[in-house]
Amino acid sequence: MPTLDWIGKDKVINHHMEVPYRVLHRIYSFDSNGEHYDDNGSENKIIHGDNLEALKSLLTDYEGRIKCIYIDPPYNTGNEGWIYNDNVNDPKIKKWLGKVVGRDGEDLSRHDKWLCMMYPRLRLLQKLLAEDGVIFISIDDHELYNLKALCDEIFGSNCFVANISWQRTYSMRNDSKGIAAEIEHILVYSKRQGWEPQKLGRTEGMDSKYKNPDHDPRGAWRNIVASAPNANTHQGMVYAIQNPVTGKYVYPPQGRCWALGQDQMLTAMNQWCKYELRDLHDDVERAEICGVSAEEVRKDVPAIVLSDTLEAAREKSTKKYKGVLPVFFFSKKGKGTLSRKAYISQVGGRPVTNFWSFEETGHTDEASRLLKVLFDGVAVFDTPKPPRLIERILHIIGDTDAVILDSFAGSGTTAHAVLNMNKADGGNRKFILIETEDYADSITAERVKRVIRGYGEGKNTVEGTGGSFSFYEMGERLMLDNGTINPDMDIRSIRSFIWYTETRKPLPDAEQSDNEYFLAVDRETAYYLL
């Protein structure tokens with residue numbers, strides 16, 4: 001498989017392993033009682049700190065447990081001024097540390113820096129993802145193809161799910177130059193091949209195609225063709241069916257076969273009148289439909305023909321057309337093609353496509369206006385995403401008990417969407433947000449507080465969702481440079497870390513034991529920490 005190379009790749013390819021493990025330090029908790037210092041036990045977390053170190057700190061409790069990851073990293077447009085500051089011990093990369101990444105003309109290595117920044121983070125995110133989990137990554141054209149190659153390498157090209165086009169704007173400026181950008185991309189990768197999204201709800205337009213003209217007790221339906229493709233490989237399903245009204249022998253269209261096996265089709269036609277199987281010696285007709293010669297076509301495939309007289313069959317069928325029609329029927333009261341009823345109760349939801357319109361998933365202006373309402377008219381964030389976009393992701397995940405991770409949390413849209421969805425369907429989804437910048441408390445966490453307790457005023461008042469979270473800062477390193485355990489570290493953190501390094505699992509609740517050094521049992525092995 002082709003791979004992407006860039007300046008510094010060889011220095012960051014294993015950097016995620018060298019990142020020190022730091023313990024999360026809870027600062028406060030928030031719930032219906034407001035902000036307080038007592039631990040409320042909330043599984044929702046907002047973490048302030050370098051997201052690379054924060055992701056490393058989550059491994060002990062969450063490796064292989066995150067069902068859904070959504071990230072909105074820097075797009076590297078040249079207008080963002082993001083900083084590459086990972087502590088990579090290499091002279092080439094040290095020259096970059098702490099420097100603001102600028103435009104191509106100002107910083108010719110900014111694409112290399114972006115890849116160096118993303119690679120170790122994606123490696124840790126892949127470790128955190130559950131076996132049935134999926135990651136969604138927002139990006140625009142500047143780094144789309146670099147990101148696709150990077151994800152192919154880390155997640156595997158066979159785990160690529162889709163490149164979704166999100167319609168980020170509902171109107172274009174008349175003074176836009178060149179080809180205006182109406183969409184952004186969302187790359188989707190699964191942990192294991194074969195992930196399937198949950199279908200979307202049906203629209204009124206889709207349901208309007210279903211009627212119930214014959215008052216069928218099974219509900220509304222629409223007629224569809226009674227045939228299926230691949231006649232050549234299903235020659236036993238290519239045969240004549242006699243029309244009970246006209247008496248004509250009807251075959252599937254060229255290259256197609258009947259939708260069901262012959263026994264099932266015979267049962268279906270017997271709902272009209274008496275039918276039987278009879279060999280019409282029609283190899284020539286069947287061969288033409290199958291696209292083969294008469295010598296090559298499957299032999300001895302009988303037709304479904306009337307065992308009643310045509311007059312008796314016509315009389316019975318005419319009466320049938322005045323009542324509830326059987327599932328298979330000839331349209332136009334017997335003078336049309338053989339059709340089949342498709343019931344609205346059987347078709348299920350709407351398939352997920354790779355185009356998400358702003359009507360259904362929101363747009364950037366909507367997101368900005370919402371944030372102003374949340375923060376009393378102040379524009380506190382430049383590029384928020386609308387909650388409806390994340391809610392679409394949560395819907396197609398389908399797990400109402402999932403853990404959702406966003407390691408580039410920004411204004412906190414992901415938590416907003418999780419709380420909205422839990423309120424709407426009674427779910428128990430959990431969110432983990434990581435934000436590097438200093439506004440993690442004043443904007444990210446503050447937004448979540450207002451969503452929980454309600455916001456706005458007058459006609460714009462929005463009822464609170466309820467819920468809770470705890471706010472964390474990055475704590476001390478557990479292991480010192482000399483390889484010894486930090487003596488200031490609490491014993492619970494040490495025990496959790498040691499258990500994780502041995503089992504790659506979170507430490508279970510303490511089991512009853514007379515031995516204070518006992519940790520737990522995994523795969524018939526008891527572990528102790530002295």
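Taken one residue at a time, the phi angles of region 202-216 give Karplus couplings (6.51, -1.76, 1.60, θ = phi - 60°) of 6, 8, 4, x, 5, 6, 5, 6, 9, 10, 9, x, 9, 6, 5 Hz. Gly and Pro are set to x. In the context of the full protein assembly, Thr503 retains an accessible surface of approximately 20 Å², using a probe radius of 1.4 Å and ignoring ligands and nucleic acids.
Let a ≥ b ≥ c be the square roots of the eigenvalues of the Cα gyration tensor of region 362-481; is it rounded (a/c under 1.5), or, if not, prolate (a/b larger than b/c) or oblate?
Numbers: a/c = 1.75, a/b = 1.27, b/c = 1.38.
Oblate, because a/c is 1.5 or more while a/b does not exceed b/c.
Restriction of the trypsin sites (Lys or Arg not before Pro) in region 307-410 to DSSP coil positions whose beta-carbon has at most 16 other beta-carbons within 10 angstrom yields Lys322, Lys335. Summarising the amide proton neighbourhood of Asp522: residues at separation of 5 or more, or on other chains, whose placed amide H is nearer than 5 Å comprise Tyr527.
If I take all pairs of Cα atoms in region 240-290, what percentage of them are more than 13 Å from each other?
Details: 791 of 1275 pairs.
Summing the P(r) tail past 13 Å for region 240-290 gives 62 percent.
Computed from phi, the 3J(HN,Hα) profile of region 373-383 under the Karplus parametrisation 6.51, -1.76, 1.60 (θ = phi - 60°) reads 5, 5, 10, 6, x, 8, 7, 8, 8, 7, 10 Hz, with x in place of Gly and Pro.
Values of log10 I(q)/I(0) for the chain across q = 0.11, 0.12 Å⁻¹ run -0.99, -1.10, by the Debye formula with one identical scatterer at each alpha carbon and no solvent.
Dividing the Cα radius of gyration of region 183-289 by its Kirkwood radius returns 1.13 for Rg/Rh.
For region 1-89, take the convex hull of the Cα atoms, compute a quarter of its surface area, and give me that in nm², please. Write out the running numbers ahead of the final one.
Working: hull surface 37.5 nm².
For region 1-89, the mean projected area of the Cα convex hull comes to 9.4 nm².
I want the antiparallel fraction of DSSP beta bridges within the chain, as a percent rounded to 5.
Bridges in the chain are about 70 percent antiparallel.
Rounded if a/c is under 1.5, else prolate if a/b beats b/c, else oblate: with a ≥ b ≥ c from the C-alpha gyration tensor eigenvalues square-rooted, which is region 127-222? Because a/c hits 1.5 or more and a/b fails to exceed b/c, region 127-222 counts as oblate. Applying D = kT/(6 pi eta Rh) to region 275-377, where Rh is the Kirkwood radius over alpha-carbon pairs, T corresponds to 37 °C and eta to 0.692 mPa s, the Stokes-Einstein value obtained is 165 µm²/s.
Among Lys56/Lys449; Lys274/Lys316; Lys113/Lys191; Lys274/Lys322, which pairs are too far apart, with a Cα-Cα distance over 21 Å? Lys56/Lys449; Lys113/Lys191, as the Cα separations exceed 21 Å there.
Using DSSP to call loops (not H, G, I, E or B), can you name the GluC sites (Glu not before Pro) in region 443-530 whose Cβ has at most 12 other Cβ atoms within 10 angstrom? Working shown, then result.
Values: sites: Glu446, Glu457, Glu463, Glu473, Glu476, Glu502, Glu511, Glu516, Glu524; in loops: Glu457, Glu511, Glu516, Glu524.
Taking region 443-530 and a limit of 12 other Cβ atoms within 10 Å, the loop GluC sites (Glu not before Pro) found are Glu457, Glu511, Glu516, Glu524.
The values are calculated or read from the model by the stated rules, or taken from the named source; none is laboratory data. Everything numeric in this text was worked out from a predicted model, so none of it was measured. Virtual Cβ from ideal backbone geometry, glycine too; neighbours counted across all protein chains shown. Only protein heavy atoms, including side chains, enter the accessible area calculation; ligands, DNA and RNA are left aside. Shrake-Rupley method; radii C 1.70, N 1.55, O 1.52, S 1.80 Å.
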